[in-house]
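Heads up: the structure comes next, in structure tokens.
FYI, it's all coordinate maths here, none of it is from the lab. None of the values given here were measured: they were computed from a predicted structure. For neighbour counting, all protein chains shown are included, and Cβ atoms are generated from backbone atoms with ideal geometry for every residue, glycine included.
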Ligand code: PT1
């Protein structure tokens, strides 16, 4: 698959490193040092085997507030520019805002990752004009309130139907089917059992015929099941990454790149030996 100037074959599981550029994610050393710190962290993840770096300037974890446009641009664009000059990884921009998509792709991003699946004003048009692939994610509700009793009759088929409907909207807006990825949206308006049903039945989502990206690293679906705080979730994160890699997931979005690479390399070995 072509991601801007970079081609990545999605024939084995790929690892996407998470780069949060929100104020809580770096110590306050001023604008320059925060960009440098972010790039340094990204380069460490690339060194550890990340093929993609996902840059996000809006927290979308449960309870997080909205961020204004200028703030999100100020957080993300300098990091996209600096990282694209410093590395040949694929830069993914984690945003729902049309203007952030446009400026990030101009600055070197090769993938648009939108947890709101291009439903915000102007986002479909911006993504279409940007000519890079788009990851469409499912969410029920919005980040601030999405974990207040999520409800589904059949979570797997409802997620599948939503993603197909959004892919159809993308195609109508001029985005080729070959540029679309799907993500079930673990932790986004889902109970513990909804999340684990979406792991067990991930093959149903894969059968829709689009490459699949999954993000479960350090999430509450691990912490709540195992009673582990956020810094104690590595074993759970690696277990889930191994399971979805075995199922054929194409891109795994994680904090712990080196450890996840070891796990997917073991899966890949078992997939390729006779
Ligand atoms: C994701 C994802 C994302 N997750 C994609 N982009 C986040 N494509 C940000 C919790 O339950 O899964 N896919 N961008 C982070 N969001 C969350 C959600 C973080 C839930 C934590 C939780 O702990």
Mind checking which of 260, 145, 95 has the largest fluctuation in a GNM of the chain, springs on alpha carbons under 10 Å?
145
Packing-based exposure ordering (other Cβ within 10 Å, fewest first) of 254, 155
155, 254
Plugging the Kirkwood radius over Cα pairs into Stokes-Einstein for the chain, at a temperature of 20 °C and a viscosity of 1.002 mPa s, what D comes out in µm²/s?
115
Out of the DSSP beta bridges found with both residues in the chain, what percent are antiparallel (nearest 5)?
5
For the peptides 7-13, 55-61, what is the packing order when you average, over each peptide's residues, the other Cβ atoms within 10 Å and list the highest mean first?
55-61, 7-13
Determine, for 183, 193, the number of other Cβ atoms within 10 Å of each Cβ, and report the residues in order from fewest to most.
193, 183
Quote the Stokes-Einstein diffusion coefficient, in whole µm² s⁻¹, for the range 54-169, based on the Kirkwood radius over alpha carbon pairs, a temperature of 4 °C and a viscosity of 1.567 mPa s.
87
Most exposed first, judged by fewest Cβ atoms within 10 angstrom, 39, 90 run 39, 90
Calculate for the chain the 222 nm mean residue ellipticity that helices alone would give, adding -39,500 (n - 2.57) per DSSP H run of length 4 or more and normalising by residue count, nearest 500 deg cm²/dmol.
-13500 deg cm²/dmol
Quick check: residue separation of residue 66 and residue 177 times 0.36 nm, minus the Cα distance between them. What number comes out in nm?
37.0 nm
Linear extension gain, residue 119 paired with residue 271, 0.36 nm per residue minus alpha-carbon span:
51.0 nm
Quick one: P(r) of the range 116-215 from all Cα-Cα pairs, 10 Å bins, percents rounded to integers, in order of increasing distance.
16, 48, 29, 6
Using the basic label-point model (7 angstrom from Cα toward the beta carbon), what is the residue 43 to residue 193 distance in nanometres?
5.0
GNM flexibility winner over the chain from 212, 46, 67 (Cα, springs under 10 Å):
67
Alpha-carbon radius of gyration plus Dmax, which is the widest Cα pair, for the range 33-104 in Å
12.2, 34
Pick from 82, 241, 109: which residue has the top mean-square fluctuation in a GNM of the chain where Cα pairs under 10 Å get a spring?
82
In square nanometres and to one decimal, what's the mean projected area of the convex hull around the Cα atoms of the range 193-274?
5.6
